[in-house]
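Participant: Encoded as structure tokens, here's the structure I'll be asking about.
The values are calculated or read from the model by the stated rules, or taken from the named source; none is laboratory data. Remember, predicted model here, so these are calculated numbers, not experimental data. Because the Cβ atoms are built from the backbone with ideal geometry, glycine has one as well, and the counts that use them run over all protein chains shown.
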Amino acid sequence: MSDDKTKDLKDAAPDVAKHVLRDGHEIPQLGFGTYPMDDAEAEALIPEAVWRGYRLIDTAANYGNERGVGLGVRYCDIPRSDLFLTSKLPGRDHGTDSVRRSLEGTLERLGTDYLDLYLIHWPNPSVDRYVDTWRAMMAARDEGLIRSIGVSNFLPEHLLRLERETGEMPVVNQVELHPQYQQETLRAFHEEHKILTEAWSPLGRKTDLLQDPWLVEIARKVGRTPAQVALRWHVQSSIVAIPKSSNTERMAENIDVFEWELTDEQMERVRMLHTGISGSGFDPSVHEEM
Ligand SMILES: NC(=O)c1ccc[n+]([C@@H]2O[C@H](COP(=O)([O-])OP(=O)(O)OC[C@H]3O[C@@H](n4cnc5c(N)ncnc54)[C@H](OP(=O)(O)O)[C@@H]3O)[C@@H](O)[C@H]2O)c1
């Protein structure tokens, strides 16, 4: 891409507001998902996303693209402190020493000496090692290898057990969430415990969300796309969404959700799209992720 085109993109990129986490660190209100990109795709697309304003990049050891994400980030040539890098610990590395080894691998592949956010990818309750894993994450955070520690796909029972046995709750829980699967009970629990809700599949991948006639109708009324209405609903609900797109136009579309608003009535209309049907069908109380 020419230097002029890159400069135009940077000038046009929106400023993404931030939330303050319970531990005092800031997190952008919208991020960029990278599953199922491979290394080559991630390396090519991360600069495109960063030039369009994304600062939060979501990856995981199990996506197999951390090296590509790291190369893409270095190519952008922006200060590391301007980026917010999230990765996730895989189920096979639950434990104590294995957490440290897994984290070191992630840092090496990403080419950075710290993560902004490290998540336990799934609780894997049948393995029953997520409490030891959490203690090892706390130690790595205290050593400065991670700024904030959180979890993904945890249910209230798992979160309460972390607090009971370690005295500390995560600051983030990243879960499947979108207008057809709103997780209201879990969100109320998060609010009570000052846990920020982060949404994976915020556009309802594997569902018909973006074709929903009500969502399409609201989008027509506000002169936006159904994807933008879904993402704006997340922003106005204080949920950090991490949409993935490999298409540069859709990347730009997805981040253009900060300079306009849905009315209370439109928010309520989106709230009524909830069906309670998960797109993935994964149940965290039994799902095994290795
Ligand atoms: N913690 C976990 O267990 C977990 C699980 C799943 C995902 N995640 C994370 O969450 C991120 C997002 O979730 P996701 O990828 O499952 O789902 P998503 O972001 O809801 O949807 C991605 C799909 O929507 C399409 N898309 C993107 N923008 C669009 C637009 N404006 N209009 C129409 N279609 C659009 C994409 O296609 P194009 O690429 O062709 O645009 C892609 O097929 C992942 O990338 C990953 O980082 C975490």
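Participant: Taking E157 and the conditions (1) within 18 Å of the chain's Cα centre (by Cα); (2) part of a helix (DSSP H, G or I), which numbered condition does it fall short on, given that it satisfies the others?
Facilitator: Going through the list (1) within 18 Å of the chain's Cα centre (by Cα); (2) part of a helix (DSSP H, G or I), E157 breaks only (1).
Participant: Between G72, G68, which is over 30 Å from E288 (Cβ atoms), free of Cβ contacts under 8 Å to residues at least 40 places away in the same chain and surrounded by 24 or more Cβ atoms within 10 Å (Cβ to Cβ)?
Facilitator: On inspection, the qualifying residue turns out to be G72.
Participant: Looking at Y54, Y35, Y75 in this structure, which one is part of a helix (DSSP H, G or I) and either hydroxyl-bearing (S, T, Y) or in contact with an Asp or Glu (Cβ under 6 Å, 6 or more places away or on another chain) (or both)? Walk me through it before giving the result.
Facilitator: Working: Y54 fails: part of a helix (DSSP H, G or I); Y35 fails: part of a helix (DSSP H, G or I).
Being part of a helix (DSSP H, G or I) and either hydroxyl-bearing (S, T, Y) or in contact with an Asp or Glu (Cβ under 6 Å, 6 or more places away or on another chain) (or both) holds for just one of Y54, Y35, Y75, which is Y75.
Participant: Select, from R147, R141, R109, the only residue that is modelled with pLDDT of 95 or more and in a strand (DSSP E or B).
Facilitator: Numbers: R141 fails: in a strand (DSSP E or B); R109 fails: in a strand (DSSP E or B).
Result: R147 is the single residue among R147, R141, R109 that is modelled with pLDDT of 95 or more and in a strand (DSSP E or B).
Participant: Looking only at residues that are at positive phi and among the polar types (S, T, N, Q) in region 192-242, which one is surrounded by the most Cβ atoms within 10 Å (Cβ to Cβ)? First the steps, then the outcome.
Facilitator: As a first pass, look at region 192-242 and keep what is at positive phi: 194, 201, 204, 206, 223, 238.
Now narrow it down to the ones that are among the polar types (S, T, N, Q): 201, 238.
Values: S201: 23, S238: 13.
It comes out as S201.
Participant: All but one of (1) in contact with an Asp or Glu (Cβ under 8 Å, 6 or more places away or on another chain); (2) farther than 18 Å from M251 by Cβ; (3) away from the ligand (no atom under 13 Å from the Cβ); (4) of a type in the set (G, A, S) hold for G64; which doesn't?
Facilitator: Failing condition for G64: (3).
Participant: Could you list, in sequence order, all residues of region 264-286 that are without any contact (Cβ under 8 Å) to a residue 24 or more places away in the chain, within 15 Å of the ligand (Cβ to nearest atom) and not small (G, A, S)? Outline the logic, then answer.
Facilitator: Initially, region 264-286 is screened for residues without any contact (Cβ under 8 Å) to a residue 24 or more places away in the chain, giving 264-265, 268, 281, 283.
From the residues that got through so far, the ones that are within 15 Å of the ligand (Cβ to nearest atom) too are 281, 283.
Residue satisfying the conditions is D283 alone.
Participant: Being among the charged types (D, E, K, R), in contact with a strand residue (DSSP E or B) (Cβ under 7 Å, 6 or more places away or on another chain) and either within 16 Å of the ligand (Cβ to nearest atom) or in contact (Cβ under 8 Å) with a residue 12 or more places away in the chain (or both) narrows it down to one of E198, E261, E289, so name that one.
Facilitator: Details: E261 fails: in contact with a strand residue (DSSP E or B) (Cβ under 7 Å, 6 or more places away or on another chain); E289 fails: in contact with a strand residue (DSSP E or B) (Cβ under 7 Å, 6 or more places away or on another chain).
That would be E198, the only listed residue that is among the charged types (D, E, K, R), in contact with a strand residue (DSSP E or B) (Cβ under 7 Å, 6 or more places away or on another chain) and either within 16 Å of the ligand (Cβ to nearest atom) or in contact (Cβ under 8 Å) with a residue 12 or more places away in the chain (or both).
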